[in-house]
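All remarks here apply to the structure that follows.
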Amino acid sequence: MTNDAFKRLAPFIQEYIYTHGWTELRSVQIEACRVIFETDAHLLLAAGTASGKTEAAFLPVITLLYEQPATSIGVLYIGPIKALINDQFERLNDLLKEAEIPVCSWHGDVARSRKEIFLKDPRGILQITPESLESLLINKAETELTRLFRNLRFIIIDEIHAFMGSDRGTQILCQLARLSKYVKQPPRRIGLSATLGDYSSAETWLRSETNRPVITPEVKSNQRKVHLALEHFYICEQKHPATTRSQVQPGNEILEAPPRLTSNVKSQHYQYIFDRTKSRKCLIFTNNRTETEAVIANLRQIAADEGHPDIYHVHHGSIAAKLRQAAESAMRESDTPAVTAATVTLEMGIDIGQLERVIQLDAPFSVSSFLQRLGRTGRRGAPADMRFVCTENELLGEESLPERMPWQLLQCIAIIQLYLEERWIEPIKPVQYPLSLLYHQTMSILAAMGDISPAELAAQVLTLPAFQAMDSEDYRQLLRYLISIDHIQQTEQDKLIVGTTGEKIVRSFQFYAVFSDTKEYVVRDDSMEIGTIVMPPTLGGRFTLAGRTWEVIDMEPKARTLWVKQVEGIANSAWQSRSSSNIHTKILARMRRVLLEDVEYSYLQKGAKERLKAARQLARINQIDLSNTILLEDRVYCIFPWMGTVAYRTLERWLNFFGREALNIRSIGGASPYFMTVKLGKGKNESFPDELVKLCNREISALDLVGEAEAPKLQKYDEFIPNNLLRKAFAFDYLDVGEVRKCFCDDGFD
């Protein structure tokens, strides 16, 4: 079969395989060739990182494009981030040199001149982000879109797990439905992912609005060796457990936690990371930009103190493109040490060469993220090597029971065990009421069409995949509201057009994205742009960006530009953040098991073993196995819900709406989703645990947990949605009454 698949590929691809020393096609590539060449179905390729999925998708597709050239763009590749598109562009360019099949990358960092050259003769492969595709759909006339896409054969969607269940992924499905009227024959779709827990939901997502089936071939994977290690450290800085990570209730913007080290303090956990990345090729993952900056600033300081070279880089969304590309190049350079700290920007399938090790600082939010990050290392037959570093405030003896629990350590172990034991990955739950996207697609279609009748607009919008379950009366209400605020105008001919106020929104380049954008200050020194920050310090103030410390020497508020000079030392920096990472209930349930089971995990290092032993002893003393409601002190109870972020949010509202009077609650605190503290008023409160169970078994709907005066504005365009629709969306998409009842069933906590 390997030989048959190889022979079916185009001659120039066979030559490419020979010259690059491939000894055989991989299982995923053979299976992709079988599906693409022998069927007319869509294809879902779900295989581990570095399994050769990209080549598996492109080799047979390019072969068909070579044998029968398209008269327009033949292949549309949609990628989640610019860096991934840039990486694939380089790989495809190398492959297609001899085939005269052009490939064009298209996003905000690509020069307009390159785009214009491609538009004059649109052929081959177009690599694009969802935001740039939205721009094309708005700004190109129907005749131009037909010229660009009439002979489109394949649509390849990379990292589909990053899109599914999000507004951005639903935006793609809407775009593909809109694009279909410009294409002669429905193109085949190919989805790529390394971390899918539920193939059936991914198949449903991929074939949305099409009649073709999806084939997900079974891919034989070689069992690779994995080296895991987890160590725990106390840090000196006093900080509330709730701020150890950037976890917030949806809609509440906060500052990410500040760095944990000042210039005159050396932290053991930074020294540990330095020793394990020194003179190596390593990636360090953190959960926010602030920690990314902090770890590199401190590693740089340690390297300077110990006389080692500066091999350190930072990679996240607020770093200038030039510096991100420099980090990627340094990681690809063979036989040269380089250490880069990143957020999710390097979690995707960018080729960054042969990594020796991945470091994860504190627990990732999900098993999916853990697998993506683990997959960055262990390529080309080498064992995967991932080290977890969990930190916790140094205990002073004054902390309450929940504050003495090592939540990051427990979460790390739970995530690792869920994968090792069950190969479990978080299922992806689709959004039921994507109102922000509904506004966005309504305005996008209006901007593209010029004018349209209300009935035609409703027909075009409500038939898009995301909105087919939407109530038509709700949509009429939205249109009336948008007319009332001048985002839409109704002409004398009863047509709808973009209103004067709406024009300002639609004509901004920021409109193309459905995710929230933040106005940031550009940071520059004499030679180049360094990146952007949200909260600029005053003149003379210092902050960290790109892992270096800068002092503000001038500021241009109107141009939102800071002029800086580099200085010695380490300074604080923080970004405003809106968390979109929910922790699944299954992770919390596994954390409880970690506390209660008497199991030794082979990957725990000395500090982690000792800390887990102490936590288990604490759990036994306080009988956490018998109840999830513990009396901490007079009139103060701690609830350990052991359920995920969404259910925790629901319980918090449940207690606020119905428990304050019924259960004599005076205040509610805690750290989502780990624990909740409840202070009761004076009186007899011994029955609180039983009364809590009764309360959580009352017949209450999600809508009962949203106040009549509330209007939760969580997504980018929610400010343009009527309040009653926002309440409805919040109830259905951000709360889970059933999960709370399950955890507080009449039989007690299971």
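The values are calculated or read from the model by the stated rules, or taken from the named source; none is laboratory data. Since the model is a prediction, treat every value here as computed from it, not as a measurement. Here the Cβ is made from the backbone with ideal geometry for all residues, glycine too, and neighbour counts use every protein chain on show. Only protein heavy atoms, including side chains, enter the accessible area calculation; ligands, DNA and RNA are left aside. Shrake-Rupley method; radii C 1.70, N 1.55, O 1.52, S 1.80 Å.
Against the list (1) open to solvent by 10 Å² or more (accessible area, probe 1.4 Å); (2) without any contact (Cβ under 8 Å) to a residue 24 or more places away in the chain, the condition Tyr182 fails is (2).
With the requirement that a residue be within 26 Å of Ser166 (Cβ to Cβ) and in a loop (DSSP other than H, G, I, E, B), what does segment 493-519 give you? Passing the criteria: Arg507, Ser508, Ala513, Val514, Phe515, Ser516, Asp517, Thr518, Lys519.
Screening His161 on (1) touching a Cys at 6+ places or on another chain (Cβ under 9 Å); (2) open to solvent by 10 Å² or more (accessible area, probe 1.4 Å) shows it passes everything except condition (1).
Every listed requirement among (1) modelled with pLDDT under 95; (2) open to solvent by less than 10 Å² (accessible area, probe 1.4 Å) is met by Leu410 save one, (1). For segment 102-155, a tally of residues being polar (S, T, N, Q), in a helix (DSSP H, G or I) and under 22 Å from Lys82 (Cα atoms) returns 4. Of the residues making up segment 287-319, those that are under 14 Å from Ala546 (Cα atoms), part of a loop (DSSP other than H, G, I, E, B) and modelled with pLDDT under 95 number 4. In the set (1) open to solvent by 40 Å² or more (accessible area, probe 1.4 Å); (2) modelled with pLDDT under 95; (3) of a type in the set (S, T, N, Q), the condition left unmet by Ser193 is number (1).
For segment 449-464, the count of residues that are more than 28 Å from Phe233 (Cα to Cα) and in contact with a Cys (Cβ under 7 Å, 6 or more places away or on another chain) is at least one. Within segment 374-381, can one find any residue that is open to solvent by 10 Å² or more (accessible area, probe 1.4 Å) and touching a Gly at 6+ places or on another chain (Cβ under 8 Å)? No, segment 374-381 has no match at all. Residues of segment 644-694 that are aliphatic (A, V, I, L, M) and open to solvent by 10 Å² or more (accessible area, probe 1.4 Å): Val646, Ala662, Leu663, Ile668, Val693.
The single condition among (1) free of Cβ contacts under 8 Å to residues at least 40 places away in the same chain; (2) out of contact with any Cys (no Cβ under 8 Å at 6 or more places or on another chain) that Phe688 does not satisfy is (1). Looking at Glu422, is it farther than 30 Å from Glu492 by Cβ, among the acidic types (Asp, Glu) and open to solvent by 10 Å² or more (accessible area, probe 1.4 Å)? It is true that Glu422 is farther than 30 Å from Glu492 by Cβ, among the acidic types (Asp, Glu) and open to solvent by 10 Å² or more (accessible area, probe 1.4 Å). When the helices (runs of 4 or more DSSP H) confined to segment 1-77 are screened for residues that are among the aliphatic types (A, V, I, L, M), within 14 Å of Leu192 (Cβ to Cβ) and within 29 Å of the chain's Cα centre (by Cα), those reaching at least 3 such residues are found at 53-67. Every listed requirement among (1) open to solvent by less than 10 Å² (accessible area, probe 1.4 Å); (2) closer than 20 Å to Asn151 by Cα; (3) of a type in the set (Gly, Ala, Ser); (4) over 26 Å from the mean Cα position of the chain (by Cα) is met by Ser105 save one, (4).
For the structure I just gave you, tell me whether Lys716 is over 23 Å from Pro673 (Cα atoms), outside any loop (DSSP other than H, G, I, E, B), under 32 Å from the mean Cα position of the chain (by Cα) and not hydroxyl-bearing (Ser, Thr, Tyr). Criteria not met by Lys716.
Of the residues making up segment 363-402, those that are within 27 Å of the chain's Cα centre (by Cα) and closer than 22 Å to Thr277 by Cα number 24.
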